[in-house]
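Novice: My structure is below; once you've seen it, I'll send some questions.
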Amino acid sequence: MISIYDFIETLTTDSGFWNPLIWGVAIVIAFLIVYIIRGFGNKGYKKETEQTKVFLSGNPEYKEEKMHVKASNLYWGFTESLKWVYKVLDKMHTGNVSDYVLWFVIIMGTLFIILGVI
């Protein structure tokens, strides 16, 4: 006959305890707590009003064409500060996949040698 202890101890491992019923109850309790905390929120919120507009530090929201930021402008500082790295990588770039596989094998071999020594 199955005892209550056998039912509760579904799976005991060396690293912990697993019982799907207990975890399911814990998740339901967590969702209830979140729902109760959410209930204390601001009741004055109204959809389809000024409250739903994006805040852009007081700047007006334009159409998508005017708001679009090009990647060249977005990463300008990053690419400008690392221009020397890009020049070196651009010289190494051949477009041939076998060259990239060769670099991958060399780097992985070096990594394995370093890890093997340590």
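The values are calculated or read from the model by the stated rules, or taken from the named source; none is laboratory data. Not measured: the values here are computed from a predicted model. All Cβ positions, even for glycine, are placed from backbone atoms using ideal geometry, and neighbour counts span all protein chains on display.
Novice: Can you find a residue that is exposed (fewer than 10 other Cβ atoms within 10 Å of the Cβ) and either modelled with pLDDT under 85 or part of a helix (DSSP H, G or I) (or both) anywhere in region 98-107? Even if it seems obvious, please write down each step before you answer.
Specialist: Kept after step one, since they are exposed (fewer than 10 other Cβ atoms within 10 Å of the Cβ), are these residues of region 98-107: 98.
Going one step further and asking which of them are either modelled with pLDDT under 85 or part of a helix (DSSP H, G or I) (or both), we end up with 98.
Within region 98-107 (the criterion being exposed (fewer than 10 other Cβ atoms within 10 Å of the Cβ) and either modelled with pLDDT under 85 or part of a helix (DSSP H, G or I) (or both)), the answer is yes, since at least one residue qualifies.
Novice: Turning to a different aspect of this structure: Scan region 37-66 and report the pairs whose first residue is loosely packed, with under 10 Cβ neighbours inside 10 Å and whose second residue is assigned to a helix (DSSP H, G or I), with Cβ atoms within less than 9 Å and a gap of 6+ or a chain change.
Specialist: Gly44/Gln51; Tyr45/Gln51; Tyr45/Thr52; Lys46/Thr52
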